[in-house]
C-alpha cells in the first residue's frame, strides 16, 4: 500500500468513515473545488434557456422556471472527480433526463448527448450515462442553489456514476 493511500485511509478512519468508499489516488474534501477554464460566466436567469434538440422528435426550449417546474429528483451520492478529489454524501436536486425524454422523445438513432455550456464548452457522453438514476440536471447541491460567481453555474449536469466524469457547470 502506498504512503498516500495510507494517509488518506487514516484520515477517513479518524472521521469514522469507511476507507473503502475512497477510490485509490483520491483525497476527501468537504469543499467545492473550483475547476473551470476562462472567466466565470454571469447568467441572467430572465433570459437564460435550456434546449434539447438534435435526434429528438420534439425539440424544446425551456426557461429556468419551466425546467424547475418539471418533476424533481433528489439524490445523495459520493462524488469522485477525475481531478482526484472526492466528496462524500453530497445531495443534489434537479430534473432527471427521463422527464425531459418524455417531452422530446429521442429517436432510436440517438446514442450520444452533446451537453452545451456557457462560453462554448461541451461534453459528449453516451445517452445511457444520462439515463442512469444518479444523473441529474441539478440546481441545488446540499440544499443550496449554486449560483455563486465562484462556482460559475446555474445548472450542473452530472453524468456517469460512479465517478462524476462529465460534470459541467453553466449548462444550457
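Could you tell me whether the stretch 66-74 includes any residue that is in contact with a helix residue (DSSP H, G or I) (Cβ under 6 Å, 6 or more places away or on another chain) and closer than 20 Å to residue 136 by Cα?
First, the residues of the stretch 66-74 that are in contact with a helix residue (DSSP H, G or I) (Cβ under 6 Å, 6 or more places away or on another chain): 70-71.
This time we only want the ones that are closer than 20 Å to residue 136 by Cα, so: 70-71.
So far as the stretch 66-74 goes, yes, one or more of its residues are in contact with a helix residue (DSSP H, G or I) (Cβ under 6 Å, 6 or more places away or on another chain) and closer than 20 Å to residue 136 by Cα.
Pull out all pairs, ordered by first then second residue, where Cβ-Cβ is under 7 Å, the residues are six or more apart or on different chains, the first lies in the stretch 131-154 and is more than 13 Å from residue 93 (Cβ to Cβ), and the second is modelled with pLDDT of 80 or more and part of a loop (DSSP other than H, G, I, E, B).
Short answer, once both residue conditions are applied: 154/48.
Only one of (1) closer than 19 Å to residue 119 by Cβ; (2) surrounded by fewer than 16 Cβ atoms within 10 Å (Cβ to Cβ) is not met by residue 41, so which one is it?
In the conditions (1) closer than 19 Å to residue 119 by Cβ; (2) surrounded by fewer than 16 Cβ atoms within 10 Å (Cβ to Cβ), residue 41 misses (2) alone.
Just to be sure before I move on: is residue 71 surrounded by fewer than 16 Cβ atoms within 10 Å (Cβ to Cβ), more than 17 Å from the chain's Cα centre (by Cα) and free of Cβ contacts under 8 Å to residues at least 40 places away in the same chain in the structure I sent? Steps first, please.
Working: surrounded by fewer than 16 Cβ atoms within 10 Å (Cβ to Cβ): yes; more than 17 Å from the chain's Cα centre (by Cα): yes; free of Cβ contacts under 8 Å to residues at least 40 places away in the same chain: yes.
In short, yes.
Of all residues in the stretch 126-161, how many are touching a helix residue (DSSP H, G or I) at 6+ places or on another chain (Cβ under 8 Å) and at pLDDT 85 or above?
Within the stretch 126-161, residues that are touching a helix residue (DSSP H, G or I) at 6+ places or on another chain (Cβ under 8 Å) and at pLDDT 85 or above number 1.
Across the stretch 107-125, what is the total count of residues that are modelled with pLDDT of 85 or more, out of contact with any helix residue (DSSP H, G or I) (no Cβ under 7 Å at 6 or more places or on another chain) and either closer than 30 Å to residue 12 by Cβ or part of a strand (DSSP E or B) (or both)?
0
The values are calculated or read from the model by the stated rules, or taken from the named source; none is laboratory data. Everything quoted here is computed from the prediction, not taken from an experiment. So basically every Cβ, Gly included, is an ideal-geometry build from the backbone, and we count neighbours across all protein chains shown.
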